[in-house]
């Protein structure tokens, strides 16, 4: 939002949310039906082609988004090194509004301008006219419009919204208030309407011109330099008629230079070219792939999970992974992505982060969860993991942590296979089990004397059971075979006396669960039971009267930068314990592998993790259903809340609010009463937030009932 939003800031269909696409439905249905039933002589392909053309624009923009995120994550030719956070992703979520606007204008134009109907596919004179009109009037008028938008009056009311993004992404190019888009479309209509009125218009001139605008907009905001030096050295005048990503990036960092649309000619004429344009261009071209200190190796989970990656759909990646019905409509694209991942067969860089002095990257293996359970796939998966380890070793990476199923015992004996094969590795392999154990142990409510353990037994499960039994907490195994395995692991020790087999007489409201938990077993749990996962994947939630914790994970501190996507199903800025373990390993510079049967000192790694700013996320996820969260999401869909408890005490917790328009709260840890006392005056101090927050404050009293339930 602009600093002082002016009139026509919001798009007219903002209130419709995702139903905004239905605006085009009547035209699409009518034109498709007409094209199908009319005879060949009456069919108007120009009107029928509008909707397919809009779909190609969606695809074109998405390709640029994915390419930009991939290249900036790798670091090659990156222009600006600053981070992008969730606030920017939320602000740029409506990038597709301008495509809907284009569709409306085209359909209205064909409806009321009859000479625009039945256009030919190609007319050379119309294409030439469009090029000349863009290079002349459009570029000239845009230059002066852009300079006017940087005047304080217009900048504060409109253009500051666009310049809120210092580090640009391709879709930043179209993030403007509605009023600005009206002005831009009026400029771009000059070549289109002129060609129509002169009878030289064609489908190629229309679609080609809009595609050119999309291409140049996306390229100019992609934050990596891709125009090679020979391009300008071969034909020097090109620098006056074609800008580069680094050229326009300076406009977003310096604000008062490089105003041109796509052709820098007028910046040179009027002396507004930034003096560092050439040097930044050559510096960006010279940047190589970044060598990180710590890498987290993950993999795809389901076919549609590729859309939730950092490289996928930005809006989906910024929310916890949850299957949505409309992704099923994209099955052709999903099928193509599955074929590509099958052919590609090697790791790829997903995202980059910065934690203090450490450079972090996440790599992904193009394999799905189901493939890890197939015996005949394991050799190829291990080969890909091995190649990733060797690549990391060659790049001088210090730590490689393995997430999800990449370190399963059945696959590679918790990474021990690679250590035995390459004993001289300088790279440290971390399976993260020690921190996962620590997170689960610290998620158990204080005062608990008995827990129920159910799930496929793993290195983490054995360690948790051992720690609890040694600590005097009774562990009840649901299945007999699990009880026998745990009993054999504990041996004839005093701690083994605290391991019992599940019966109705030793029920408890604390369940530690892993993969393999069935619906029938969940039905045995008492009302109000807390399910605490120790596995990589969350259990299927079948009980609405129980609480489900997240899989072992922690809330990241503020100095973990460039976090603009969620890790699988975890909330914003919450990352898995296995990934945190790799970061802490790198920060502490521990010169030891954590793989095989090795478990590090859980207390030591827990203390180190807290010391570096990570916080436990142990309040039950059911708390997200508190009334004020529900009302907040109804009143402002782009407000995002996350809660984490501190030191397992329900009376103290951290409240973090990520609200794109204002930062009402900072991270804070305080008791419930003092938080509420500061909550009301702080929120009502802002007149713009008052109506919304009055409702939330009212609902707060209702939530005290839920709080008292949790406290009991």
- Taking square-rooted eigenvalues a ≥ b ≥ c of the alpha carbon gyration tensor, is segment 129-181 rounded, prolate or oblate, where a/c under 1.5 means rounded and, failing that, a/b exceeding b/c means prolate? oblate
- Between residue 104 and residue 186, 0.36 nm times their residue separation minus their Cα-Cα distance comes to what? 28.1 nm
- Message: As a footprinting exposure proxy, order 363, 11 by other Cβ within 10 Å, with the fewest listed first.
- Response: 11, 363
- Task: Round to the nearest 10 and give me the degree value, 0 to 90, for the angle of helix 690-711's Cα axis relative to the longest principal axis of the chain.
- Result: 20 degrees
- Note on the structure: Computed on Cα atoms only, the convex hull of segment 235-319 has an orientation-averaged projected area in nm² of 9.1 nm²
- Message: On alpha carbon coordinates alone, what is the Rg over Rh value for segment 78-224, Rh being the Kirkwood radius?
- Response: 1.01
- Task: Could you run the Debye sum over the Cα atoms of segment 1-122, one equal point scatterer each and no solvent, and tell me log10 of I(q)/I(0) at q = 0.10, 0.14, 0.20 Å⁻¹, two decimals?
- Result: -0.48, -0.81, -1.18
- Item | Packing rank of 528-539, 223-234, where each peptide gets the mean count of other beta carbons within 10 Å, highest leading | 528-539, 223-234
- Determine the percent antiparallel among the DSSP beta bridges restricted to the chain, to the nearest 5. 45 percent
- Query: So for the chain, what percent of the C-alpha to C-alpha distances run longer than 47 Å?
  - Reply: 27 percent
- Task: Output the Kirkwood hydrodynamic radius of segment 513-558, Cα pairs only, in Å rounded to one decimal.
- Result: 11.4 Å
- Relative contact order (%) - criterion: Cα under 8 Å, at least six apart; region: the chain: 12 percent
- Message: So the label point goes 7 Å from the Cα of residue 346 along Cα→C-beta, right? Which residues of segment 376-401 then have their backbone N under 18 Å from it?
- Response: 380-397
- Query: Packing-wise, with mean Cβ within 10 Å as the measure, how do 123-131, 30-38 rank, highest first?
  - Reply: 123-131, 30-38
- Message: What Kirkwood Rh does segment 444-548 have if only Cα atoms enter the pairwise 1/r average? Answer in Å.
- Response: 13.7 Å
- Query: Measuring from label point to label point, each 7 Å out along Cα→Cβ, what is the residue 484 to residue 115 span in nm?
  - Reply: 8.9 nm
- Note on the structure: CD proxy, 222 nm, the chain: helix-only mean residue ellipticity via -39,500 (n - 2.57) per DSSP H run with n ≥ 4, per residue, nearest 500, stands at -13500 deg cm²/dmol
- Query: When the chain is fully extended, how far beyond the present Cα-Cα distance does residue 256 get from residue 44, taking 0.36 nm per residue of separation?
  - Reply: 71.7 nm
- Item | segment 14-285: translational diffusion in µm²/s, Stokes-Einstein, Kirkwood Rh over Cα pairs, 4 °C, 1.567 mPa s | 65 µm²/s
- Cα axis of helix 25-37 to longest principal axis of the chain: angle in degrees, 0 to 90, nearest 10? 70 degrees
- For a quick protection proxy, order the peptides 513-521, 550-558 by their average other-Cβ count within 10 Å, most packed first. 550-558, 513-521
- Message: Strictly greater than 27 Å: what percent of every Cα pair in segment 315-436 meets that?
- Response: 26 percent
- May I ask you to compute the full-extension gain from residue 241 to residue 335, defined as 0.36 nm times their residue separation minus their alpha-carbon distance, rounded to one decimal in nm? 29.8 nm
- Query: Helix 480-490 sits at what angle to the longest principal axis of the chain, using alpha carbons and giving 0 to 90 degrees rounded to 10?
  - Reply: 70 degrees
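Computed from the coordinates by the stated procedures, all read-outs in this text should not be read as laboratory data. Computed from a predicted structure; not experimentally measured. Methodologically, a virtual Cβ is constructed for each residue, glycine included, from the backbone with ideal geometry; neighbour enumeration extends over all protein chains shown.
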